[in-house]
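A quick write-up on the structure given underneath.
The values are calculated or read from the model by the stated rules, or taken from the named source; none is laboratory data. Everything quoted here is computed from the prediction, not taken from an experiment. Cβ sites come from the backbone with ideal geometry, for glycine too, and all protein chains shown count toward neighbours.
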Protein chains: 2
Amino acid sequence: MAVYTEVGDEELESFLAGYDIGPLLSCKGIAEGVENSNFLLHTGAGFFILTLYEKRVAEADLPFFLGLMDHLVERGITCPRPVHDRTGRALGRLAGRPAVIVTFLDGMSVRRPDAKHCSAVGEALALLHRGGKSFSIERRNALSLDAWPVLFRQAEARADGVLPGLAVAVADEISYLEGRWPRGLPSGVIHADLFPDNVFFLSGKLSGLIDFYFACNDFFAYDLAICLNAWCFEQDASFNITKGMAMLAGYNRVRKLTGEEIEALPVLARGAALRFLLTRLVDWLNVPEGALVKPKDPIEYVKKMRFHQHVTGARDYGLLA
Amino acid sequence: MAVYTEVGDEELESFLAGYDIGPLLSCKGIAEGVENSNFLLHTGAGFFILTLYEKRVAEADLPFFLGLMDHLVERGITCPRPVHDRTGRALGRLAGRPAVIVTFLDGMSVRRPDAKHCSAVGEALALLHRGGKSFSIERRNALSLDAWPVLFRQAEARADGVLPGLAVAVADEISYLEGRWPRGLPSGVIHADLFPDNVFFLSGKLSGLIDFYFACNDFFAYDLAICLNAWCFEQDASFNITKGMAMLAGYNRVRKLTGEEIEALPVLARGAALRFLLTRLVDWLNVPEGALVKPKDPIEYVKKMRFHQHVTGARDYGLLA
């Protein structure tokens, strides 16, 4: 849940006067998004989400994120669309923070995804990769291979307190991945955080994607590996190959994976597991006093990493030849 | 902010199947209300608020609260209206908790009320008192005179740690009020918590009242005293007599205060200040580990109590003869 910044009624009204969305009728803080403050706005023109960007989102990245949402909506991907003010700008300023209004998107995230949801997510991810192709701005992945040793140094000394042996396991995994990380795979704009929280469904059908604040340029197959981790494991961290199969087939229906991507999938899945293991570990060890957000458990991703370490090929994820 | 209970998409859908408000389109936790978990629902029939009652609201009191809202709406008071399910019941059960769906109310609470807002609140309070008259259920005020010593005992030992001398000041105030608390004043249903958070405005006009979870039967003038405390003091705890005057005149326009009520107003205002001082003090001293809600400062109400201790009559609040 997340409302880090309170917005006064007067400053909100004067902010909205710059937009052509009618008078303000209601504004409620909503418990969505971990990085930002979010409000549900009702105005004369309907319902919208107002986001205030807190310190974890770099202001310099906002034109990429907002431009990407505009770009994807224009290409038929259902995601929130930034509302532009009367001067044409999507990015404003409110309560001392960068602020954006986006359209309200119906739909619910699923708590227990089944194979059909995984299939739909695979398809949507491939459509996203295709839709992002002509987007002109680039953003490098700030949480990839070169970032992992940096994150690890912030957690190394206390890692074994979370799980005995974790520091060595992570150090070994980083060396392993540094030696084998693929190069030159098909790449472009990836979502990089397409967890169940960020996918909406309506009556069992995928209805929209949200939260593009980790989007960046990287290998398409790495994005797919993130989704395999996020959607196809059970609560007990066992891999559900039926879900994996559904996701991979869904992806392949829209964009066929190349031989190199298929070969790289196990390494990419290990990297994807390590990336979330590390950010969760750092967050876990650095919960501020009186934090409003409960950090996510890093152990879940230790277990996923260990699964991938025993995988022998993409077949183990359910990829049919 | 408040979402204490997570609700799964599947259990929510089956809960909503009992209501005639169309299919579920969206559900977002909202940061409103300190005592309960609240969600904004979008369904085929529009927008609603879903409330799950957490432990601080006694389930036995819910028929009073919900019946009161129905009763007031029928009498033209704008407040959330409980949605009744297909069997006619307003009170349901979801995620192991009592649960209610109410209509969504437009409007914004004001952060810095001016005299016009205070006038409108005075008027609305009197209309509420009039509207509640024929309501058949009763609920005694669980936070009045007889509750204050009980609350004080929970805080006494540590009160001086919050403010030196506070324990004695509160003990003295309780004795004072016990000796002088009025009897037999006009009474009926009061809101008992009509703070700025709980009053909505649209374009400067009062558009609705929310949060009836402290409503009970008590003196009407005590409710007015709570509002004087909540609306007519400045940030520095100085009393703004222009606002007081506006509120009292607004109230008097709809329901004329009797001579006894006017005479009792200073004592009632002291009691109203002590009531919030005590509940805030207890909350302040009992913040649970990892609490999601920042407790409100009890000192604000110490200052208000001290102001009322020097008041000589209702004239000091701005009541014109």
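Counting only strands (runs of 3 or more DSSP E) that sit completely within region B:184-267, those holding 1 or more residues that are more than 14 Å from chain A (Cβ to nearest Cβ) and modelled with pLDDT of 95 or more correspond to B:187-190, B:205-209, B:216-219.
One residue is enough: does region A:19-37 have a residue meeting the conditions over 27 Å from B:N38 (Cβ atoms) and not assigned by TED's automatic domain parsing to the domain that holds A:F195?
Going through region A:19-37, the residues over 27 Å from B:N38 (Cβ atoms) turn out to be A:20.
Imposing the further condition that a residue be not assigned by TED's automatic domain parsing to the domain that holds A:F195 reduces the set to A:20.
Looking through region A:19-37, at least one residue is over 27 Å from B:N38 (Cβ atoms) and not assigned by TED's automatic domain parsing to the domain that holds A:F195.
Matching residues to (1) outside the structural domain of A:L62 (by TED's automatic domain parsing); (2) surrounded by fewer than 20 Cβ atoms within 10 Å (Cβ to Cβ); (3) over 28 Å from A:A31 (Cα atoms):
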site: A:L128; (1), (2), (3): yes, no, no
site: A:G131; (1), (2), (3): yes, no, yes
site: A:S134; (1), (2), (3): yes, yes, yes
site: A:I137; (1), (2), (3): yes, yes, yes
site: A:R140; (1), (2), (3): yes, yes, yes
site: A:S144; (1), (2), (3): yes, yes, yes
site: A:A147; (1), (2), (3): yes, yes, yes
site: A:V150; (1), (2), (3): yes, yes, yes
site: A:Q154; (1), (2), (3): yes, yes, yes
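The single condition among (1) at pLDDT 95 or above; (2) outside any strand (DSSP E or B) that B:I49 does not satisfy is (2). Filtered by the rule that a residue be within 14 Å of another protein chain (Cβ to nearest Cβ) and assigned to a loop (DSSP other than H, G, I, E, B), region A:81-121 gives A:A95, A:F104, A:L105, A:D106, A:S109, A:V110, A:R111, A:R112, A:P113, A:D114. When A:A192 is tested against (1) crowded, with 17+ Cβ neighbours inside 10 Å; (2) touching a residue at least 60 places away in the same chain (Cβ under 8 Å), exactly one condition is not met: (2).
Here A:T78 meets each of (1) modelled with pLDDT of 95 or more; (2) on the phi > 0 side of the Ramachandran plot with one exception, condition (2). Within region B:5-36, track down each residue that is without any contact (Cβ under 8 Å) to a residue 60 or more places away in the chain and in a strand (DSSP E or B). Within region B:5-36, B:L24, B:L25, B:S26, B:C27, B:K28, B:G29, B:I30 meet the criteria.
Among the residues of region A:21-32, which ones are more than 29 Å from the chain's Cα centre (by Cα) and at the interface with chain B (Cβ under 8 Å from one of its Cβ atoms)? Spell out how you get there, then give the answer.
Going residue by residue through region A:21-32, those that are more than 29 Å from the chain's Cα centre (by Cα) are A:22-25.
A:P23, A:L24, A:L25 - these are the residues of region A:21-32 that are more than 29 Å from the chain's Cα centre (by Cα) and at the interface with chain B (Cβ under 8 Å from one of its Cβ atoms).
It is to be established whether one or more residues within region B:266-282 are over 20 Å from B:A124 (Cβ atoms) and in contact with a Gly (Cβ under 6 Å, 6 or more places away or on another chain). No.
Taken residue by residue, region A:270-291 has at least one member that is within 14 Å of chain B (Cβ to nearest Cβ) and among the β-branched types (V, I, T). Within the option set B:V254, B:V287, being closer than 28 Å to B:L163 by Cβ and among the aliphatic types (A, V, I, L, M) holds for one residue only, B:V287. Give the residue, chosen from A:G44, A:G67, A:G18, A:G76, that is over 27 Å from A:H129 (Cα atoms) and either among the aliphatic types (A, V, I, L, M) or away from chain B (no Cβ under 11 Å) (or both). A:G18 is the lone residue from the list that is over 27 Å from A:H129 (Cα atoms) and either among the aliphatic types (A, V, I, L, M) or away from chain B (no Cβ under 11 Å) (or both).
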